[in-house]
Amino acid sequence: MNLTAFQALDSRGVPTICAVLKIKNGTFTATVPSGTTTGKNEAVELRDGGKSFNGKGVSKAVQNVQDIAKKLPKDYSQDAVDNFLISLDATENKSKLGANTTLAISLVIAKANAAENNEPLFSYFSKLSRQTAKIPLPMACIASGDKHSGKCVSIQEFMLLPVKFSTFSACTQAIAEIYYELGKLTAKKTKEALFTDMEGGIVLPFTKAQPTLELITNAIDRAGYSGKVKLALDCAASEFYNEKTKIYNYEGRKLSSDKLSGVYFDLMRDFSIVSIEDPFHEEDFAAFAEFTKKTKPNITVVGDDLLTTNSTRITRAVLQGSCNALLLKPNQIGTVTETLEAAEMARNAGWKVIASHRSGDSEDPFLADLATGLACDAAKIGGPSRGERTAKYNRLLYLEKFHKLKLAKWNG
Ligand code: PGA
Ligand code: ZN
């Protein structure tokens, strides 16, 4: 198999792996995304260490792809390749080969197989998952805090969820127009230049969630979308949890999970929030369960760091009732097949499935096809700026227009 790879850069300027596969139909590439606030139960990325690129080089992963290329099964089906990768690695968390190695191969195989079948990538994923393809609602990061913006709002992501539209293009227009309004409002509040955060939102001059949400709500109103565009949060609470003291350091206050839950209830009372991701730290299945029970059926509780797209953790969360939506990130688990399995488990439990980019992403739009083929309810694809984010918007706009696909509906 004519499969190789090279070290590319992600949107943070950090090395990432890009697999390159040549078949008679053409040459295909797949670039692997990478997180900044990664969950500790995620499959691990293989990095070189040492001095160059601050230890973040991926030349070992590139070498791995080249070595594995010689051994891959002659049957290039997704199953065969992914199962081969899983058994060759034979660890719980892909720590031998690296999840960046395995996902690069798995994704480029998906693209090549789709081309061999003469079908678009979304349709290939749709057949594999036995779902009727539909366009996911964009969950659009419009402002952020913590490690994604360098500002000290504890909550990591403030997102727009356009729930009252029938097309993805109308959703995109609403998001873009709100983004312009938020830019104007922010410019009035600060003398600093306007900065874009890691996921294409705007860095706001606040250190607290309350004024952040007020300004965003104001921008929604001014753009004429009140009632049509709701709010979603990614608290990424592991980032402000102290494992030693078992206390959350939220906006300078020391809070128990009970008190933190109270803070979220205040925010839900004051703003039109419909979805909350990772409200508690990544091992607190019980606090998640309590919160899911209390907020039912109004709030979608999304597990990201809690679940890490991992079937064992999803099973536990289903049994405990810890959430009602899965955040689906292929690089948390390392192969397309395992990503599909995670989505299926969540769906079987009656949960929503929300596909997600990473803070370190690339211009590769594969996530748009994956989310569409798997009929995800929504997809976190960032704000309407930065090329690696707009790549996903633009692919979804293309799929809607030229494949006549329907937009998902947000129930609840
Ligand atoms: P990450 O953040 O890509 O930096 O992990 C995204 C998220 O937490 O959803
Ligand atoms: Zn998250």
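The values are calculated or read from the model by the stated rules, or taken from the named source; none is laboratory data. Note that the structure is predicted; figures quoted are calculated from it, not measured. Don't worry about glycine lacking a Cβ; one is built from the backbone with ideal geometry, like all the others, and counts go over all protein chains shown. Note: accessible area is taken over every heavy atom of the protein model, side chains too, but ligands, DNA and RNA are not part of it. Shrake-Rupley method; radii C 1.70, N 1.55, O 1.52, S 1.80 Å.
Observations, loosely collected:
- Per-residue Karplus couplings for region 279-293, computed as 6.51 cos²θ - 1.76 cosθ + 1.60 with θ equal to phi - 60°, are listed in order as x, 10, 5, 5, 10, 8, 4, 6, 5, 4, 5, 4, 5, 4, 5 Hz, Gly and Pro entered as x.
- Here's the picture: charge each Lys and Arg Cβ at +1 and each Asp and Glu Cβ at -1 in the chain, and of LEU405, THR132, LEU307 the one pushed furthest to the positive end of that dipole is LEU405.
- Among the chymotrypsin sites (Phe, Trp or Tyr not before Pro) in region 169-214, those located in a DSSP loop and surrounded by at most 16 other Cβ atoms within 10 Å of their own Cβ are PHE195.
- Percent of Cα pairs in region 142-228 per distance bin of 10 Å, from zero to the largest separation: 18, 52, 26, 4.
- Residue-averaged 222 nm ellipticity for the chain, from DSSP H runs of 4+ at -39500 (n - 2.57), nearest 500: -12500 deg cm²/dmol
- Just the protein heavy atoms count here, and of the accessible area of region 41-113 at 1.4 Å, carbon and sulfur take up 52 percent.
- Full-stretch length increase - GLN63, GLU243 - with 0.36 nm per residue and alpha-carbon distance subtracted: 61.1 nm
- Rounded to whole numbers, the Karplus 3J(HN,Hα) couplings from phi for region 103-111 are 5, 4, 5, 4, 6, 6, 5, 4, 5 Hz, using 6.51 cos²θ - 1.76 cosθ + 1.60 with θ = phi - 60°, and x at Gly and Pro.
- Distant-in-sequence amide H partners of ILE23 (H built 1.01 Å from N, under 5 Å): PHE28
- Within straight-line reach of LYS246, meaning a Cα separation under 18 Å, sit the following lysines at least 8 residues removed in sequence or on another chain: LYS40, LYS254, LYS259.
- Relative packing of peptides 298-310, 214-226 - highest average C-beta neighbours within 10 Å first: 298-310, 214-226
- Semi-axes of the equivalent ellipsoid of the chain are 33, 23, 21 Å, computed as sqrt(5λ) over the eigenvalues of the C-alpha gyration tensor in descending order.
- Cut-off under 5 Å, modelled amide H: who pairs with ILE135 long-range: LYS406, LEU407, ALA408
- Estimated FRET transfer efficiency (ALA80, PHE53; beta-carbon r; R0 25 Å; 0.05): 0.15
- Restriction of the GluC sites (Glu not before Pro) in region 239-346 to DSSP coil positions whose beta-carbon has at most 12 other beta-carbons within 10 angstrom yields GLU243.
- Shape call, region 66-199: gyration tensor on alpha carbons, a/c limit 1.5: oblate
- Stretching the chain fully between GLN7 and LYS40 yields a gain of 9.4 nm (0.36 nm per residue, less the alpha carbon separation).
- Exposure rank, largest accessible area first [TYR241, TYR393; 1.4 Å]: TYR241, TYR393
- In order along region 248-257, the Karplus-derived 3J(HN,Hα) couplings, from 6.51 cos²θ - 1.76 cosθ + 1.60 at θ = phi - 60°, round to 8, 9, 9, 6, x, 9, 9, 10, 7, 5 Hz, and Gly and Pro are given as x.
- Across region 234-329, the fraction of Cα-Cα pairs farther apart than 24 Å, rounded to a whole number, is 16%.
- Angle between the chain longest axis and helix 311-320 axis [Cα atoms, degrees, rounded to 10]: 40 degrees
- Computed extension gain for THR312 through GLU214, at 0.36 nm per residue and net of the alpha carbon distance, reaches 31.4 nm.
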